[in-house]
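Only one structure is covered here, and it is reproduced in the block below.
Nothing in this text is a laboratory measurement; each read-out follows from the coordinates by a stated rule. Bear in mind that the values here come from a model prediction, so they are computed numbers and not experimental data. In this analysis, Cβ positions are derived from the backbone assuming ideal geometry, glycine residues included, and neighbour counts consider all displayed protein chains.
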Amino acid sequence: MIDYSQIPSPCYVLEEQKLIQNLELIDSIQQRAGITVILALKGFAMYRAFPIIKQYLRGTTASSLCEARLAREEFGGELHLYCPVYQEKEFPEVIQEATHISFNSLGQWEQFKAKTLAARISPGLRINPEYSPVKQDIYNPASALSRLGIRADVLGDKLPEGIEGLHCHNLCESDSHALANTLERIETLFGYHLNHISWLNLGGGHLMTAKNYDVEHLIQVITRFKNKYPHLDIYLEPGSAVAWETGLLRSTVIDLMETPGPIIAMLDVSFTAHMPDCLEMPYKPRIQNARDPQAEEPRYRMGGLTCLAGDFMGMGDYYFAKPLQIGDTILFEDMIHYTMVKTSMFNGIKHPAIAIVRSNGNFQLVREFDYFDYKNRLS
């Protein structure tokens with residue numbers, strides 16, 4: 001049982017044992033399916049946990065210079081790169097120690113072909129399978145007008161000389177059936193090319209550590225595909241699945257505001273600055289010891305502490321068996337992946353601290369943030 005009295009508020013808290021459980025499952029999948037799973041830093045980049053993750057995963061994927069540098073300095077192993085666009089001034093530093101690189105367009109490949117081959121990095125192209133189960137446009141990379149990936153009619157029937165792999169990312173917290181549909185689309189649109197490459201990266205969005213995910217079906221899907229293309233090295237690069245349900249965001253009720261509708265619980269966190277996925281997706285996060293209110297039950301709406309009028313949880317209210325009081329702890333569950341890497345210090349709001357509950361139950365405060373973290377972002 002975690003003693004929350006020793007945890008500052010607000011604070012992101014990673015539970016080490018839950019992370020290890022996820023990694024053990026992922027490792028069993030990659031062993032049984034004969035694939036390689038790497039860590040997508042855009043989904044989880046808490047490098048204090050990298051010593052644990054490196055015991056199970058042998059590399060990372062980076063989508064920016066900063067992510068690539070973090071991967072080199074703190075993780076090592078295979079380094080896969082994919083950026084929607086590479087910049088000439090950054091490219092020499094981005095590709096240092098990289099093992100694989102995917103280009104978003106034929107033009108970018110031609111621009112950086114010579115430097116890539118000279119660095120002995122295995123090059124690939126990102127493709128658009130023109131299929132995705134994702135309903136929210138902001139998270140759908142495979143729409144008809146997507147800027148991410150090359151369509152089959154643009155790529156044509158012959159790969160550019162030197163290309164060794166293909167990269168497809170079209171899922172988001174998806175199941176194994178979405179992967180099966182994706183592989184069918186790849187075979188339909190790009191099947192001819194599969195015999196002329198050595199690796200296929202199927203991107204992220206494979207939520208294999210969720211409780212209802214059909215792991216056995218995933219292994220069957222990949223095994224069937226590998227039997228047809230035994231020469232291919234298959235990569236998956238989930239971010240969410242690695243850190244899925246491994247920790248929480250601790251916050252505190254600072255004030256209670258009466259309205260003609262729900263009571264607004266004013267918190268010491270911000271949805272805009274600290275939980276942007278709740279507004280972008282949008283989705284309603286789970287709160288420990290709370291549930292959806294029934295008719296006539298008192299309801300609470302969670303409000304952030306910035307000046308933005310829309311800084312509140314608008315996807316639904318919460319019911320608490322015991323009425324909230326100022327000073328009560330609010331625990332937002334499953335807040336370690338994506339949310340943590342997308343936070344900002346909008347409005348000068350202090351960033352939540354970061355902490356780990358180790359497997360032996362000991363609490364470790366990794367770091368807290370102060371005025372200079374805010375100031376140094378500005379100039």
Cα centroid separation - region 304-356 against region 122-160, whole Å
35
Region 249-379 - charge dipole about Cα centre, Lys and Arg +1 at Cβ, Asp and Glu -1, debye rounded to 20:
380
Under a Cβ-only charge scheme (Lys and Arg +1, Asp and Glu -1), can you give me the dipole magnitude of region 34-243 about the Cα centre, in debye to the nearest 20?
180
For Phe103, list long-range residues whose amide hydrogen, built 1.01 Å from N in the peptide plane, is under 5 Å from its own amide hydrogen.
Gly124, Leu125, Arg126
Please work out how many pairs of lysine residues in region 34-243 are eight or more positions apart (or on different chains) and have Cα atoms closer than 26 angstrom.
16
Out of Leu166, Val154, Gln136 - ranked by how far each Cα lies towards the positive end of the dipole of region 136-182, with unit charges on the beta-carbon of charged residues - the top one is Val154
Give a residue-ordered list of calculated ³J(HN,Hα) values for region 277-290 (Karplus: 6.51 cos²θ - 1.76 cosθ + 1.60, θ = phi - 60°; whole Hz; x for Gly, Pro).
4, 5, 8, 6, 4, x, 8, 9, x, 6, 10, 4, 6, 9
Before rounding to the nearest 500, sum -39500 (n - 2.57) across all DSSP H runs of length at least 4 in the chain and divide by the residue total; then give [θ] at 222 nm in deg cm²/dmol.
-7500 deg cm²/dmol
Lysine pairs with alpha-carbon atoms under 21 Å apart, region 229-379, spacing 8 or more or separate chains
5
Diffing region 21-34: the Karplus 3J(HN,Hα) column from phi (6.51, -1.76, 1.60, θ = phi - 60°), in whole Hz with x for Gly and Pro, holds 4, 4, 5, 5, 5, 4, 5, 5, 5, 5, 5, 6, 8, x
Relative contact order %, the chain, counting alpha carbon pairs below 8 Å whose residues are six or more apart:
20
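For Gln87 and Glu296, what is the calculated FRET efficiency with R₀ set at 56 Å and r taken between the beta-carbons, to the nearest 0.05?
It comes to 0.45.
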7 Å from Cα along Cα→Cβ at both His231 and Asn289: what's the point-to-point distance in nm?
6.1
Residue of Glu245, Glu93, Glu173 that the Gaussian network model of the chain assigns the largest fluctuation, springs spanning Cα pairs under 10 Å:
Glu93
Signed unit charges on C-beta, dipole axis of the chain, positive-most listed residue Leu236, Ser198, Cys83:
Ser198
Contour minus Cα-Cα distance for Ser379 and Arg58 (0.36 nm per residue):
111.9 nm
Magnitude of the Cβ-charge dipole (Lys and Arg +1, Asp and Glu -1) of the chain about the Cα centre, nearest 20 debye, reported as 580
Here region 345-353 yields Karplus 3J(HN,Hα) values (6.51, -1.76, 1.60; θ = phi - 60°; whole Hz; Gly and Pro given as x) of 10, 3, 6, x, 6, 4, 6, x, 5
Estimated distance in nm for a label pair at Glu74 and Gln96, the labels positioned 7 Å out from Cα along Cα-to-Cβ
1.7
